Each structure stands twice: as structure tokens, then as C-alpha cells.
1. From the set of residues in segment 21-37 that are assigned to a helix (DSSP H, G or I) and aliphatic (A, V, I, L, M), which is surrounded by the most Cβ atoms within 10 Å (Cβ to Cβ)?
2. Quick check: anything in segment 84-101 surrounded by 10 or more Cβ atoms within 10 Å (Cβ to Cβ), modelled with pLDDT under 90 and out of contact with any Pro (no Cβ under 8 Å at 6 or more places or on another chain)?
3. Enumerate the pairs (first residue in segment 1-27 and closer than 13 Å to GLU90 by Cβ and at pLDDT below 90; second residue anywhere and in a helix (DSSP H, G or I) and of a type in the set (Val, Ile, Thr)) with beta-carbon separation below 6 Å, excluding pairs fewer than 6 apart on the same chain, so at least 6 apart or on different chains.
4. Just the residues that are among the β-branched types (Val, Ile, Thr), touching a strand residue (DSSP E or B) at 6+ places or on another chain (Cβ under 9 Å) and either farther than 16 Å from GLU34 by Cα or modelled with pLDDT of 85 or more (or both), please, taken from segment 45-80.
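The values are calculated or read from the model by the stated rules, or taken from the named source; none is laboratory data. It should be emphasised that the depicted structure is a prediction, and the values quoted were computed from it without experimental measurement. Heads up, the Cβs are rebuilt from the backbone with ideal geometry, glycines too, and the neighbour counts pull from every protein chain shown.
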Amino acid sequence: MPAVKTEKFKANDVRLAGIAKALAHPARIAILRELARRNECVCGQIVDLIPLAQSTVSQHLKALKQIGMIKGEIDGPRSCYCIDPARMTELTALLGDFLETVSCPCQSQCR
């Protein structure tokens, strides 16, 4: 399978696509909602709130951390995670720019 040549696309489009891919699972959305509600969380508490195995939740946390949506610190046997506010600001801007460029100019004529 040929490699995707991301250098042919706008940097913001590549970044937004990467974030969208990381957010493309309802468990990850649920994790972000819970972290936003608590402002900080311990992995074990997240596992108690999401109906998935601890190892699965850990994989979702890893995906969110790799894309920079969350930050985490290891504290002994526990890992504490929180949302990265700078990344959320970036996501808001990227989505806003994207939605402005793809809005339908013909409004009600589109079906």
C-alpha cells in the first residue's frame, strides 16, 4: 500500500486530520468529557466511569496523549491525566477554519 504524502496538503489540514483520527472513537470523547468535567483525573477513576477494560482505556489514553490532547504524569503506580488547554484552543481554531471553508454557499438549494 502506498504511503500517504501529507506534505502535499496544508499543515492545518494534516493536523486537523490527525486530531480527528485520535477523536474517532466514542470512548476517547467520553474520556475527554470526563477530564474536562474533573479538570484532572487518575486512570483508575476513568476506568470506573467507562465500560471498558483497564487495558483498553489505557490504549485510548495513549492515543489522546500521542496527539497532544491530554497531558499525563506518572505518580508511582498511578497515572494522572488532564486536558491540554493549548491543544483544545488549537482544535477550536482548526475546526472553526475548516467549517468556514466548507459551509455550503447555496444554502437551501442543496439536498
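1. Taking the candidates together, the pick is ILE31.
2. No; the residues of segment 84-101 include none that is surrounded by 10 or more Cβ atoms within 10 Å (Cβ to Cβ), modelled with pLDDT under 90 and out of contact with any Pro (no Cβ under 8 Å at 6 or more places or on another chain).
3. Final answer for the pair search is none.
4. ILE70, ILE74
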